[in-house]
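What follows is a single structure, written as structure tokens, with notes after it.
Nothing in this text is a laboratory measurement; each read-out follows from the coordinates by a stated rule. Please read all numbers here as calculations on a predicted model, not as lab measurements. Please note: Cβ atoms are built from the backbone with ideal geometry, for glycine as well, and neighbour counts cover all protein chains shown.
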Amino acid sequence: MKKVPYRLYVGMLLAAAAASILFCFLYRYNNKYTQQAVQAIDGLLVLSEEELEENPCRFLWNDWIYYPGALLTPDDFAQGDPDRYMTYVDLSASNRLEIHQNQGNTNYGCGTYVLRCKLPDSSSCYAMDMPEIFSAYDMYVNGTLVMSMGELQPDSYQDATGNRMVIFSPDESGMAIILIAVSNQSYIYGGMIYPPAFGTLEALSDVREIRLMLCLCIIFALLISAVISLYLWLRIRHINAFFFFCSASP
Amino acid sequence: MMEQSGGVAKFSKNGVTIAIAQNAISFEDTDWITVSIVPVKDDTAYDIRILVNDAAVDIKNPMTIWFPETCFPDSGTPALEIDGSVQLLEYDEDSCAYRMKTTFLGTFSLIAEDTAADEMPEKSYWLRNLFLILGISLAVIGGLFFIIRYFRRKDNR
């Protein structure tokens, strides 16, 4: 039996170490859930001017008010909170829309998320970068419909996903009540599973720009890899180059 | 919280929700209020307490406690055992959850009227995670297969 060259093991170890360092770095510096920023508690986010200056952008993942199985509108809150079951949820991929069904959770169904934000400056504009919400939703801020993706109602349901930025101002008292009614009848995930980014308009514009640049860099790198591997495959007929081309080209 | 939600403060933990009306407990704006909803006995009971400045309080007006359907066994009529007595719950069809108005604070045991509290159906975790286990097994077997094939090819060269 031939001896496996030690360089193979060293290479594997170095690759594992480099990946570990990269993942630790990302966990520490690119993590929505461990960011040291004030979060909502029991559906209420209270921000001061200093806090907003220190963290002009944050990801709202903690303690959204959630009404399962109901497509509510601001009218339902006109006389205070509706008298029905609600709970507080953290936004994550493990969330399910219908949390009340018999002995099991399901991604299909509907629900309504509510978050109340007490903001320091009632005259300023704030922004919310909405990630993909599965699979159709209506979003209201202070009772006004600001965004609609797809069609919610069961008889005319139509799914649609996409990233959008919503810009709004709080009312005179600095309150912004965000209400998102979600329905999913078609996808494996349901509801809000990615936390939306919230902050000042400038900060969120920067975040979107950086994300766009990173996406472009990745697409460009993949395109270059695909072209090189296609060239190698055509030139030297190496089957590995073909496989690499197949994996890089999508 | 009460101001924003129409005079009702809602607390929720482990799926159990309490709605406390503004006049249900006496407190000042500067008081420290602690609401605890702690599952006991493998989630077949919940210990619910409200403290104002670390002291137990009396509930003047009934508060509403909500339990989602998933808290109860499939068979039997859902009920609560409170302080030794069994109390039936009101079912809210819109929310698919059970509710009860009460001024009692303490341990609420979830029972089905026809069955004992400790006969909660066992969740089939193995069945639920079958795809995960199969996926991991396939990945491990596939990985081993390719590693063995790689070293065999090296040997043959």
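Report the rotationally averaged projected area of the range A:102-187 based on its alpha-carbon convex hull, in square nanometres.
Quarter of the Cα hull surface area: 6.6 nm².
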Query raised in the report: Over chain B, what is the mean sequence separation of C-alpha contacts under 8 Å (at least six apart), divided by residue count, expressed as relative contact order in percent?
Result: 19
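Peptides A:130-140, A:8-18, B:100-110: what's the order by average Cβ count within 10 Å, highest mean first?
Working: A:130-140: 22.4, A:8-18: 10.2, B:100-110: 16.8.
Going from most to least packed, we get A:130-140, B:100-110, A:8-18.
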Report summary line: With Rh as the Kirkwood radius over Cα pairs, chain B has Rg/Rh of 1.29
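I'm checking a number: the convex hull volume of the Cα atoms of the range B:24-111, normalised per residue, in Å³. What is it? Walk me through the intermediate numbers first.
Numbers: hull volume 9.8 nm³, N = 88.
Enclosed volume per residue, from the Cα hull, is 111 Å³.
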Query raised in the report: At q = 0.20 Å⁻¹, what is the log10 ratio I(q)/I(0) for the range A:23-142, with the Debye formula run over Cα points and no solvent?
Result: -1.30
Requested in this report: Provide, for q = 0.16 Å⁻¹, the log10 of I(q)/I(0) from a solvent-free Debye sum over equal Cα point scatterers in the range A:106-250.
Outcome: -0.89
Query raised in the report: Counting pairs on different chains as well as pairs 8 or more places apart, how many Lys pairs in chain B have Cα atoms under 26 Å apart?
Result: 10
Query raised in the report: Which whole number gives the average, over all residues in B:90-102, of C-beta atoms from other chains lying within 10 Å of the residue C-beta?
Result: 3
Query raised in the report: Which whole number gives the average count of other chain Cβ atoms within 10 Å of the Cβ atoms across peptide A:85-92?
Result: 5
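I'd like to verify something in chain A: which complete DSSP H helices, judged by Cα projection on the helix axis, reach 27 Å or more and average at least 0.5 on the Kyte-Doolittle scale? Walk me through the numbers before you get to the answer.
Values: long enough: A:6-29 (34 Å, 1.30); A:201-236 (52 Å, 1.66).
Going by DSSP H runs, the hits are A:6-29, A:201-236.
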Query raised in the report: Cα centroids of the range A:80-96 and the range A:105-168: how far apart, whole angstrom?
Result: 15
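Please express the shape of chain A as an equivalent ellipsoid: the semi-axes are the square roots of 5 times the eigenvalues of the C-alpha gyration tensor, given largest first in whole angstrom.
Values: eigenvalues 351, 108, 70 Å².
Working through the eigenvalues yields semi-axes of 42, 23, 19 Å.
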Query raised in the report: Once the other residues with Cβ under 10 Å from the Cβ of B:Gly106 are scored (Lys, Arg +1; Asp, Glu -1), what is the net sum?
Result: -1
Report task. Order the peptides A:158-167, A:82-91 from the highest to the lowest mean number of other Cβ atoms within 10 Å of their residues. Result -> A:82-91, A:158-167
Query raised in the report: Against the longest alpha carbon principal axis of chain B, how many degrees, from 0 to 90 and to the nearest 10, is the axis of helix B:130-156 turned?
Result: 20
